[in-house]
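Trainee: I'd like to ask some things about the structure below.
What follows is calculated from the coordinates using simple rules that are stated; it is not laboratory data. This is a predicted model, so every value here is computed, not measured. So basically every Cβ, Gly included, is an ideal-geometry build from the backbone, and we count neighbours across all protein chains shown.
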Amino acid sequence: ASTLTPVIAGSIDIAMTNGTLGVISAFAKGMPVKIISAETTGAPDAFWYARPESGIRSIKDTAGKTVAFSSPGSSTNLIILQLTQQEKATPKLVATGGAPATLTQVMTAQIDVGWSVPPFVLQHLAEGRLQIIARGSDVAAIRDQTIRVNVANANALKEKRDAFVRYVRALSRAIDWAYSDDAALDAYAGIANVPRGLAQRTRDEFYPKDSLQLAEVRGLDLTLKQALEFKYITAPLTAAEVQKGLIDILYVPPQR
């Protein structure tokens, strides 16, 4: 939400890694936003964790406990709603903001279960200070669903379309490099200030390359059903309406 708001206002041109539900909600309200590429399909990167002394070993142990997600309409919001529904769990869901702030709240016992994506929290897991209790990949319904997208301000897209197309192409080349050249691991380790081994675990275990495909918003019918069920929209939308009015994919995969 904190990224989507300024792109709608025109303060920034492109907003990365937005929860698809939140974007559809904005579109349904008439906001000037366009999806320009997929960002994450499936949820292999997201996980939920607790302190070992909490006694929480799985999402089924969270009845009456506080369980974090980042913000309303985010991918972590969607995942935890689906996960608790799938496992028939009844926690109290709490919006806790970003991964660093969430970690602080778990370690100080303000909340019981936190959310994260790598490389955050991996060192705590390796040291046994925290343990994973659930993963986004546990949710069967969203394994082939695009849960995050990259978006642009619709007016900026009209004015700067060529530049935006070149940007998405460059993003695609960066993803290819990250999986084909070990120098990318060294660069990532430096940027994230983590050991190289942890950087490699982040890539290899939590970010399969196919999950980062840019060319297709998958599982749109399911997403629209969830948007209505979880009250992100007040009236049904069809996939055709969203394809026509919201989705303007700028990346075309090269012909092989």
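Trainee: Can you tell me the dipole magnitude for the chain around its Cα centre, using point charges on the Cβ only (Lys, Arg +1; Asp, Glu -1), in Debye to the nearest 20?
Mentor: 360
Trainee: Between the stretch 64-109 and the stretch 192-249, what is the separation of their alpha carbon centroids in Å?
Mentor: 18
Trainee: Under 29 Å from the Cα of LYS92, which lysines turn up, not counting those fewer than eight places away in the same chain?
Mentor: LYS29, LYS60, LYS65, LYS225, LYS231
Trainee: Just to confirm the number: angle between the C-alpha axis of helix 161-178 and the first principal axis of the chain, 0 to 90 degrees, nearest 10?
Mentor: With rounding to tens, the tilt is 40 degrees.
Trainee: To continue, here is another question. Rounded to the nearest 0.05, what FRET efficiency is calculated for ASP186 and LYS92 with R0 set to 45 Å and r the Cβ-Cβ distance?
Mentor: Between ASP186 and LYS92 the formula returns 0.60.
Trainee: Zone of LYS209 (label point 7 Å along Cα→Cβ, backbone N under 15 Å): which residues in the stretch 174-196?
Mentor: Only 174-185 fall inside the zone, counting backbone N under 15 Å.
Trainee: OK, next. By its C-alpha gyration tensor, with a ≥ b ≥ c as the square roots of the eigenvalues, how is the stretch 119-203 shaped: rounded for a/c under 1.5, else prolate for a/b larger than b/c, else oblate?
Mentor: Oblate, since a/c reaches 1.5 and b/c is not below a/b.
Trainee: Between the stretch 12-26 and the stretch 141-162, what's the alpha-carbon centroid distance in Å?
Mentor: Going from one Cα centre to the other spans 7 Å.
Trainee: Right, something else. Hey, which lysines would be in cross-link range of LYS34, C-alpha to C-alpha under 16 Å, not counting anything within fewer than 8 residues on its own chain?
Mentor: LYS158, LYS160, LYS244
Trainee: Top mean-square fluctuation among GLN145, GLN213, GLN85, Gaussian network model of the chain, C-alpha springs under 10 Å?
Mentor: In this elastic network of the chain, the residue with the biggest mean-square fluctuation among GLN145, GLN213, GLN85 is GLN85.
Trainee: Given labels modelled 7 Å from the Cα in the Cβ direction, how far is it in nm from THR5 to ARG129?
Mentor: Reported label-point gap for THR5 and ARG129 is 3.1 nm.
Trainee: Take ARG57 and ALA109, extend 7 Å from each Cα along the Cα→Cβ direction, and tell me the distance between the two endpoints in nm.
Mentor: If labels sit at ARG57 and ALA109, their model points lie 2.2 nm apart.
Trainee: Given an 8 Å cut-off on Cα distances and at least 6 residues of separation, report the relative contact order of the stretch 83-200 as a percent.
Mentor: Dividing the mean separation by the residue count of the stretch 83-200 yields 19 percent.
Trainee: Contour minus end-to-end for TYR179 and ALA240, with contour as 0.36 nm per residue of separation and end-to-end as the Cα-Cα distance?
Mentor: Using 0.36 nm per residue and subtracting the Cα-Cα distance, I get 18.5 nm.
Trainee: Additional query: Taking the dipole about the Cα centre of the chain, with the C-beta of Lys and Arg at +1 and of Asp and Glu at -1, give me whichever of THR3, PRO195, GLY128 is farthest to the positive side.
Mentor: Working it through, the farthest residue towards the positive pole turns out to be THR3.
Trainee: How about the stretch 121-167: which trypsin sites (Lys or Arg not before Pro) there lie in a loop by DSSP and see at most 10 other Cβ atoms within 10 Å?
Mentor: Loop-located and lightly packed - none at all.
Trainee: Rounded to the nearest 20 debye, what is the charge dipole size of the stretch 108-255 about its Cα centre when +1 sits on each Lys and Arg Cβ and -1 on each Asp and Glu Cβ?
Mentor: 320
Trainee: Another question, then. Indicate, rounded to the nearest 5 percent, the antiparallel portion of the DSSP beta bridges found entirely in the chain.
Mentor: 75
Trainee: For labels at ARG169 and LYS225 in the simple 7 Å Cα→Cβ model, what's the distance in nm?
Mentor: Placing both labels 7 Å along Cα→Cβ, they lie 3.8 nm apart.
Trainee: Checking the a/c ratio against 1.5 first, then a/b against b/c, what shape does the Cα gyration tensor give for the chain?
Mentor: oblate
Trainee: In degrees between 0 and 90, to the nearest 10, how far off the longest principal axis of the chain does helix 220-229 point, with axes built from Cα atoms?
Mentor: 60
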